[in-house]
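As structure tokens, the structure follows; a few thoughts come after it.
The values are calculated or read from the model by the stated rules, or taken from the named source; none is laboratory data. Predicted model only: the values in this text are computed from it and were never measured. Neighbour counts run over all protein chains shown; Cβ positions are idealised from the backbone, glycine included.
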Amino acid sequence: MLFLGVHHIAIICSDYKISKHFYTEILGFKVIRESYRETRKSYKLDLQVTDQTQIELFSFDSPPKRLSAPEGCGLRHLAFRVDNIDLVVNHLRKNEIVCEPIRIDEYTGRRYTFFSDPDKLPLELYEEKLY
């Protein structure tokens, strides 16, 4: 096997303070380390998603907007595995995060939904258990 898994996902945000709050306080990801890189005038925040996966949250001065509608080429969305999608959706809604209606994947039979981060990056919740 060539690959062991995904180590990290890098995300560039437009407002570091808002995105840091979203990923740490609302989504609940633990901060591994935070550093300010003076030469780039940029923050880098490493977040623990699982034992094997991290998110690197970057801030840069005036990053270009993300293409999303119609969808552009490249990374489409980031999906998080969850045990109980209803619990997570309720938590997000209590934090004023809009979620699409929960759907069932026609191929796997699993439930999923989408929501967005503060920069409109599409994020997916994908429930592990079958119905």
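Of the numbered criteria (1) within 25 Å of residue 93 (Cβ to Cβ); (2) surrounded by fewer than 14 Cβ atoms within 10 Å (Cβ to Cβ); (3) touching a residue at least 40 places away in the same chain (Cβ under 8 Å), the one residue 9 fails is (2).
All conditions but one from (1) touching a strand residue (DSSP E or B) at 6+ places or on another chain (Cβ under 9 Å); (2) exposed (fewer than 11 other Cβ atoms within 10 Å of the Cβ); (3) among the charged types (D, E, K, R) apply to residue 117; the one that does not is (2). Residue selection: residue 50 satisfies the criterion of being modelled with pLDDT under 95 and surrounded by 11 or more Cβ atoms within 10 Å (Cβ to Cβ).
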